[in-house]
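Laboratory data are not the source of any read-out in this text; all were calculated from the coordinates shown. Remember, predicted model here, so these are calculated numbers, not experimental data. Counting neighbours? That spans all protein chains shown, and the Cβs are built from the backbone with ideal geometry, glycine included.
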Amino acid sequence: MANKYQGENADWTNAYVSAPRFYQRPDGTPFGVMTINEGIETIMPKLPHQRYQPEGRTITEWRILLYSRTRGDVIGDTDFYTAMRKLVMGGYILDDNGENVLIQALTLTELDALMR
């Protein structure tokens, strides 16, 4: 299986820490969004619905926004949990500390593949 981690050799110090943003659908349903930027290692929580509960509310829908530095624009978004499974199975997780994962710097092609 390809999902092997570097573990203690992984360097978390220069990675982008993805912070949540919260939005509402037209029907009032809240959802959270985390961002991955092209070419930058990213730290992301494994279970955002447990960690982030604005105003005590559990947010069940989470998305990952994919930003291309090459294009200077958002290339799309995808379901958080589906994308995380793809990242694990694709071997893109550099380390896992139990609460967060360190995602390797992804190319534009790899970001695009997360939406497919």
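Okay, here's what the table says:
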item	result
Contact order relative to length of the chain, as percent, for alpha carbon pairs under 8 angstrom and 6 or more apart	31 percent
Kirkwood estimate for segment 30-114, i.e. one over the average of 1/r between Cα atoms, Å	13.2 Å
DSSP bridge orientation in segment 30-114 - percent antiparallel, rounded to nearest 5	70 percent
Exposure proxy ranking, count of Cβ atoms within 10 Å, fewest first, for 29, 35	29, 35
Value at 222 nm in deg cm²/dmol, rounded to 500, when DSSP H runs of n ≥ 4 in the chain each add -39,500 (n - 2.57)	-4500 deg cm²/dmol
